[in-house]
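These notes are about the structure you will find just below.
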Amino acid sequence: MFDPTFLASPYVRTLAPYVPGKPLEELEREYGIRDSIKLASNENPLGPGPLARAAIANAARDIGLYPDGNGFALKQALAQKHGCALEQITLGNGSNDVLVMLAEAFLTADSEAVFSQYAFAVYPIVVQAAGAKAQVAAAFPESHPMALGHDLDAMVALVNERTRLVFIANPNNPTGTWVSSAALHRFLTLMPSTTLVVVDEAYIEYVEDGDFPDASRWLDEFPNLVVTRTFSKAYGLAGLRVGYALSDPGVASLMNRVRQAFNVNSVALAAARAALDDVEHLRASITTNREGMAQVGQALSRIGIRSYPSKGNFILVDCQRPAAAVYEAMLRQGVIVRPVASYELPHHLRLTIGTQPQNQRMLDALERSLAS
Ligand SMILES: Cc1ncc(COP(=O)(O)O)c(C=O)c1O
């Protein structure tokens, strides 16, 4: 019998695939329900703003042509936003693509990568697919004020001469935890020049704390720093897949060698370029999140369910029982949230912040599910 498993690279053979949030269509098909809501993948409940929508309609006329493989117009706008050179920018088909490029360009079977327990699930996947060894630092314990967050000292202790990549998600998904400016800066000073530090800022636009580190400001100080950003969250373009890395030009040039030609499509390039100008929509998205976070936080306290402080557009809750049953009961009420058992958090659920009515529906479903 044909069994391709043994034909695969040994790294791929044992790889557990990424589990995405359940799509709405799948839920409605399986459960025979309608009008369900998805608060499972940290998407922006407002979607794209008017400028991006107009750019999408406009760009759709030209999809018979290949996109600009260098993404010049978008890079130019990003270079202006971040005060960096075009050569420091690598565009990705989502920031996920940029993480893959980093692993492909810098990891081998002899090298190692460091990340924290409970860090974003794509890090272990890209590291293993490249055949490198993952060194996972224990997260802060439940008793710590930043429970489940990255313990940078524990991460430093795992770095050695074989370490090529360190991943720090700030804020982190699914925990919502973060590292301070002082702690992150100190960490960077401790890294050898043989290690690239990837600071994943997928949710940074939602952070309203003035002391929060925008690591892109330190690119000149630390040539081994790579900062990743995305248009999938606060910019509302998750379905189009656009993200980017900011780095030393030499690092960008190496990433470019493994980048697929035309990896970012023309509609996505145009939408992302327009989204950068839509300050009003970005502001509305941040406000919706701030108000939703307060609404959900207050309701969770009232219900008596433990949640973790979060600076993202989602909140991790501890159901104090196997969360799979709670998740299932919520699905039956047409509400998709995210179980995080794959992060070794079988009692937890991650709730994405939606619009006010979506949040209310999610909270009602959660309360009912916990009572059943
Ligand atoms: C921390 C973090 N980094 C990166 C990503 C990847 O996002 P995208 O590939 O849509 O840019 C996500 C998506 O959920 C995330 O949570």
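None of the figures in this text is laboratory data; all of them are computed from the coordinates on show. Owing to the predicted nature of the structure, the values given are computational and were not obtained by experimental measurement. Ideal geometry is used to build each Cβ from the backbone, glycine not excepted, and the neighbour counts take in all protein chains shown.
In this structure the amide hydrogen of I37, modeled in the peptide plane, comes within under 5 Å of the amide hydrogens of V335, I336, none closer than 5 places in sequence on its chain. Evaluating 6.51 cos²θ - 1.76 cosθ + 1.60 at θ = phi - 60° for every residue in the range 333-350, the Karplus couplings come out as 9, x, 10, 9, 10, 10, x, 10, 4, 5, 9, 6, 10, x, 9, 10, 10, 10 Hz, glycine and proline recorded as x. Less than 5 angstrom separates the built amide H of E112 from those of K133, T163, R164, L165, all sequence-distant by 5 or more or on a different chain. Here's the list of aspartates and glutamates a cross-link from K133 could span, going by alpha-carbon distance under 17 Å and ignoring same-chain residues fewer than 8 apart: E104, D110, E112, E161. Cross-link partners for K38 among the lysines, with Cα-Cα distance under 16 Å and sequence neighbours closer than 8 places in the same chain left out: K22, K233. Measuring gaps between exposed loop sites in the chain (chymotrypsin sites (Phe, Trp or Tyr not before Pro); DSSP loop; at most 16 other Cβ atoms within 10 Å), the longest gap, sites not included, is 19-261. Remark: the range 221-323 projects, on average over all directions, an area of 10.0 nm² (convex hull of Cα atoms).
Label positions at Y11 and A154, each projected 7 Å from the Cα along the C-beta direction, are separated by 2.5 nm. The packing ranking of peptides 360-366, 288-294, highest mean first, is 360-366, 288-294, where packing means the average number of other beta carbon atoms within 10 angstrom of each residue.
Quote the relative contact order of the chain in percent (integer), defining contacts as alpha-carbon pairs under 8 Å separated by 6+ residues.
Once divided by the residue count of the chain, the mean separation gives 24 percent.
In this simple spin-label approximation, F2 and S180 carry label points 7 Å from Cα along the Cα→Cβ vector, and these lie 5.9 nm apart. In whole Å, what is the distance between the alpha-carbon centres of the range 286-313 and the range 67-107? Measuring centre to centre over Cα atoms gives 33 Å.
Please work out the FRET efficiency for the pair K81 and R162, using the Cβ-Cβ distance as r and a Förster radius of 35 Å; give the result to the nearest 0.05. Taking R0 as 35 Å, the efficiency between K81 and R162 is 0.50. Taking every C-alpha pair closer than 8 Å and separated by at least 6 residues, the mean separation divided by the residue count of the range 153-266 gives a relative contact order of 21 percent.
Under the simplified labelling scheme, the R321-L190 pair shows an inter-label distance of 4.1 nm, with each label point 7 Å from Cα along Cα→Cβ.
Taken one residue at a time, the phi angles of the range 295-311 give Karplus couplings (6.51, -1.76, 1.60, θ = phi - 60°) of 4, 5, x, 5, 5, 5, 5, 5, 5, x, 10, 6, 10, 10, x, 9, 10 Hz. Gly and Pro are set to x.
With bins 20 Å wide beginning at 0, the percent of Cα pairs of the chain falling in each bin runs 28, 59, 13, 0.
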